[in-house]
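Trainee: Input: one structure, supplied below.
The values are calculated or read from the model by the stated rules, or taken from the named source; none is laboratory data. Predicted model only: the values in this text are computed from it and were never measured. For neighbour counting, all protein chains shown are included, and Cβ atoms are generated from backbone atoms with ideal geometry for every residue, glycine included. Ligands, DNA and RNA are stripped out before the accessible areas are found, and what is left, the full protein with its side chains, is counted by its heavy atoms. Shrake-Rupley method; radii C 1.70, N 1.55, O 1.52, S 1.80 Å.
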Amino acid sequence: EETLLWLRGCGPRDMVEKGTTLLKRMEISVAEAEKRTGKNAVSMQETYTVYLIETRAVDAASEGANPAPDSLWRRYSEFELLRNYLLVTYPFVVVPPLPEKRAEFVWHKLSADNMDPDFVERRRVGLENFLLRVASHPVLSNDNIFYSFLTQEQSWKEVVFETGFQAKADSRLKALNATFRVKNPDKRFAEMKHYGDELQSVISQLLRVRARVADRLYGVYKVHGNYGRVFSEWSAIEKEMGDGLQSAGHHMDAYAASVDDILEEEEHYADQLKEYLFYTEALRAVCRKHELCQFELEMAAQDLTSKKQQREELATGTVRTFSLKGMTSKLFGQETPEQREAKLKTLETQIEDGEEMVKEKNAECEEFVKNAWVDIERFKEQKDRDLKEALISYAIMQISMCKKGIQVWSNAKECFSKM
């Protein structure tokens, strides 16, 4: 039976059905971006961008009805809050990344200002892509908080903070400690973490190369505008050749102007690569969480072994390793049988708790590995499919661009032939 999850204080139409992804039941889009001015937390005036999220039930659209979509505005910081909540609540999931807050790997003609209209538009597309990724994820799409992010404008933040997710977040120091001190790391997760590092490096290099090529390309195209100017000037002093030169000049001007659209399309492919650049951090976060899980299991097992050794020492009266307790008993005399019995009783309780803890941590680790590996496999399939598609589309665009260049010079040749 499918389980129906209810949001706090919502009506029957707001229920989230488990078992299928949300995207199969709801159309989601980030329709537009709007610049606003207001006061921040310290009462300073600030300019910020808000994004309009529109949702509509798929059933209504398929039945021929076309109701107005439900809509609400969200700031980028609210998207960040949603993603942080998902990271903490679903540590075994490779959580989709958000688009960049400030432009990186830009070629020199592109603005790095986060209020630039072109950048805001690309970020709007990126935020919509993030919502679609989450809404099509087999686990994340059925989360109540995500559903309320899309449908409940007022008091959404309060509902998120009420989950207490921030208290569950692991500190960076804790995670780093686990990385360096874990004794038996899982080979598969270690390899996957290394792969994440390598993929990040490769995509970073690819984006840098693309930015350099875009700079050069821009220069080459714009220089063709000089041909146009020279041919136009030359045509003014010629009678028989004038028309042909002027026509050739127009073709060159059109070629020079076309680079802006080409590079705008290129930015779309660059953003697809950037998404996977940021995905590598999400992949490594899952691997780090596993290290932490394994480290906590090892610490619990170590503590249990230590307690059992203490029990043995108390029971037999022999101290196998040097300890302060051993020195103290030599200097100040042995404990009374009653004291020893009380200590043994305490240790027995601690050992029972320790065994339960090891059992619990072991089950946690096994569950994490099972769930994480399912999601990593899903992510790998998605990555291979998306990057293959993006690279093929990029190659097709380059071929089309080269054909345009050939066409311009073919047209110029025709103009020259008619002179």
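Trainee: Using the structure shown, select from Lys345/Lys370; Lys359/Lys380; Lys24/Lys174; Lys101/Lys380 the pairs with a Cα to Cα distance greater than 27 angstrom.
Mentor: Too far apart for the 27 Å limit: Lys345/Lys370; Lys359/Lys380; Lys24/Lys174.
Trainee: Quick one: accessible surface of Glu381, probe radius 1.4 Å, all protein chains present, in square angstrom to the nearest 10.
Mentor: That residue has around 120 Å² of solvent-accessible surface.
Trainee: Still on this structure, I have one more. What FRET efficiency comes out for Asp116 versus Arg75 if R0 is 25 angstrom and r is the Cβ-Cβ distance? Round to the nearest 0.05.
Mentor: Efficiency, rounded to the nearest 0.05: 0.90.
Trainee: Under a 1.4 angstrom probe, counting protein chains only, how are Asp70, Asp271, Asp375 ranked by accessible area, largest first?
Mentor: The residues order as Asp70, Asp271, Asp375, largest area first.
Trainee: Which FRET efficiency value, to the nearest 0.05, do you get for Glu356 and Arg378 by plugging their Cβ-Cβ distance into 1/(1 + (r/R0)^6) with R0 = 30 Å? It would help to have the intermediate numbers written out before the result.
Mentor: On the way: r = 33 Å, r/R0 = 1.11.
Computed FRET efficiency for Glu356 and Arg378 comes out at 0.35.
Trainee: How far apart, in nm, are the 7 Å Cα→Cβ label points at Arg188 and Asp303?
Mentor: Modelled inter-label distance: 2.8 nm.
Trainee: Another question, if that's okay. Specify which residue in the list Gln350, Phe379, Ala390 is farthest towards the positive end of the charge dipole of segment 350-415, using unit charges on the beta carbon of Lys, Arg (+1) and Asp, Glu (-1), about the Cα centre.
Mentor: Result: Ala390, furthest along the dipole toward the positive end.
Trainee: How far is it, in nm, from the label point at Leu387 to the one at Ser417 when both lie 7 Å from their Cα along the line to the Cβ?
Mentor: Computed distance between label sites Leu387 and Ser417 equals 4.6 nm.
Trainee: Treating only the Cβ of Lys, Arg, Asp and Glu as charged (+1, +1, -1, -1), what charge dipole size does segment 212-298 show about its Cα centre? Round to the nearest 20 debye.
Mentor: 260 debye
Trainee: Here's another thing I want to ask about it. Could you order Ile145, Ile237 by accessible surface area, starting with the largest, using a probe radius of 1.4 Å?
Mentor: On the way: Ile145 10, Ile237 135 Å².
The most accessible residue leads, giving Ile237, Ile145.
Trainee: Looking only at segment 113-153, which residues have a backbone nitrogen under 19 Å from a spot 7 Å from the Cα of Ala31 in the C-beta direction?
Mentor: From segment 113-153, the list is 121-132, 148-153.
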